[in-house]
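Below: one structure, written as structure tokens.
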Amino acid sequence: MSSRNPIIAVTGSSGAGTSTTTSSFEHIFRTLGISSVNVEGDSFHRFSRQEMDMEKRKAKESGENISYFGDKANDFEALERLFRDYGEHGKGKTRRYLHTFDEAVPYNQMPGTFTPWEDLGEGTDLLYYEGLHGGVVTDTIDVAKHVDLLIGMVPIVNLEWIQKIIRDTNKRGHSREAVTASIVRSMEDYISFITPQFSRTHINFQRVPTVDTSNPFSAKAIPSLDESFVVIRFREVKNVDFQYYLRMIDGSFMSRVSTLVVPGGKMGLAMELILTPLIRDLIERKTQANKQLDWMSDL
Ligand SMILES: Nc1ncnc2c1ncn2[C@@H]1O[C@H](COP(=O)(O)OP(=O)(O)OP(=O)(O)O)[C@@H](O)[C@H]1O
Ligand SMILES: O=C(CO)[C@H](O)[C@H](O)COP(=O)(O)O
């Protein structure tokens, strides 16, 4: 954690909606006049799509498993290094994984490849990460400890799979069978690396559909916001003004002492109401820390 160079991370599985959530954060940053550097978790995959296909074949031959959720396919050290460097110096290195032709063409590259590593961050107010591993901890690395505000984006698992299957088939050119196989192959890593993160978050947002999603593998469409509720669990936030949220968000209620439930259509409003003051606090702490540093260097 760093008062001078704060880091916000939205962490969630593939298809959970971390990229979609980014627009809510960008709106808050614009409102508060904050300049952020945005980092995508997929940039820290170890392998291009072609290399990963080879790794999957090798793993299968030796009776092992490899998935995008685990440490074999992701460079957690590089991610921790970026967070540490940004926290200490306000800069670091990242790159982009290009999923689609639309993303790849401007770089004159093919989908499934990486852009070169480049320096980023200089002069920004905060680092914003969205991806699979913003709260990951293993025996050798601890990404979570560098994060000042850690948000879990966790639809219930049937909905997560529907979102992944429909996004990967419609936008990323994969077959339904290939996506289903990747869900199966990823399950062990999902339990070891993805879900433990949601016990380290400050707040979890869990979308719960109110329509039948009992066979996610045959679903034709993603349940809409109006066909869902969002369960918001405050884990590590003090002095939460639930009365204020209940007054401001029509149709909201509390299901437990630390849990607010809002209609799906109010998710954007809820995020704005809840996150804006927390982000403002991070920026105020940054201003104070920098003032203190200036004052000490004047001595
Ligand atoms: N709240 C939501 N309501 C309706 N659809 C949603 C919602 N959140 C995400 N989706 C849809 O689910 C799919 C996956 O979302 P998104 O691409 O944001 O996931 P992601 O977590 O960024 O995945 P990855 O890490 O694999 O890139 C997209 O098609 C998106 O439009
Ligand atoms: O979303 C993912 C992980 O978060 C993808 O599965 C991963 O980035 C690989 O992408 P692709 O299958 O398009 O090569």
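The figure for Ser2 is an accessible area of roughly 20 square angstrom, using a 1.4 Å probe on the protein chains alone. Accessible area ranking (1.4 Å probe, heavy atoms, ligands and nucleic acids excluded), largest first, for His45, His89: His89, His45.
Fully extending the segment from Thr287 to Asn65, taken as 0.36 nm per residue of separation minus the present Cα-Cα distance, adds 75.3 nm.
Given Lys91/Lys145; Lys58/Lys93; Lys91/Lys238, which pairs have Cα atoms separated by over 26 Å?
Working: Lys91/Lys145 17 Å; Lys58/Lys93 30 Å; Lys91/Lys238 30 Å.
Pairs exceeding the cut-off: Lys58/Lys93; Lys91/Lys238.
With a 1.4 Å probe and every protein chain left in place, work out the accessible area per residue of the stretch 7-298 in Å², rounded to a whole number.
Values: 14700 Å² over 292 residues.
I get 50 Å² per residue for this part.
Placing Glu103, Glu188 in order of accessible area, with the largest value first and a 1.4 Å probe, yields Glu188, Glu103.
Of the residues Val105, Pro223, Gly134, the one whose Cα sits farthest toward the positive end of the charge dipole of the stretch 7-298, with +1 on the Cβ of Lys and Arg and -1 on the Cβ of Asp and Glu, is Pro223.
Classify the stretch 7-298 as rounded, prolate or oblate, taking a ≥ b ≥ c as the square roots of the eigenvalues of its Cα gyration tensor: rounded when a/c is under 1.5, otherwise prolate if a/b is larger than b/c and oblate if not. Walk me through the numbers on the way to the answer.
On the way: a/c = 1.79, a/b = 1.13, b/c = 1.58.
Oblate, because a/c is 1.5 or more while a/b does not exceed b/c.
Apply the a/c threshold of 1.5 to the C-alpha gyration tensor of the stretch 123-188 and tell me whether it is rounded, prolate or oblate. Prolate is the answer for the stretch 123-188, as a/c is 1.5 or above and a/b outweighs b/c.
In terms of the mean number of neighbouring beta-carbon atoms within 10 Å, the peptides 215-228, 146-159 order highest first as 146-159, 215-228.
The Cα center of the stretch 224-264 and the Cα center of the stretch 76-101 differ in position by 32 Å.
Within the chain, what whole-number % of the accessible surface is contributed by carbon and sulfur, with the 1.4 Å probe and all protein chains included in the calculation?
On the way: 7690 of 15170 Å².
Ligands and nucleic acids excluded, carbon and sulfur give 51 percent.
A Förster radius of 30 Å, combined with the Cβ-Cβ distance separating Asp241 from Thr210, puts the computed FRET efficiency at roughly 0.65. Students often forget the sequence filter, so: which lysines lie under 26 Å Cα-Cα from Lys60 once same-chain residues fewer than 8 apart are removed? Here the lysines satisfying the reach criterion relative to Lys60 are Lys72, Lys164. Each Lys and Arg adds +1 at its Cβ and each Asp and Glu adds -1 at its Cβ; summed about the Cα centre, the stretch 143-287 shows a dipole of about 240 debye.
Looking at the chain alone, DSSP beta bridges between its own residues are antiparallel in about 55 percent of cases.
The values are calculated or read from the model by the stated rules, or taken from the named source; none is laboratory data. Quick caveat, the model's predicted, so the values are computed rather than measured. Virtual Cβ from ideal backbone geometry, glycine too; neighbours counted across all protein chains shown. With ligands, DNA and RNA removed, areas are computed over all heavy atoms of the protein, side chains included. Shrake-Rupley method; radii C 1.70, N 1.55, O 1.52, S 1.80 Å.
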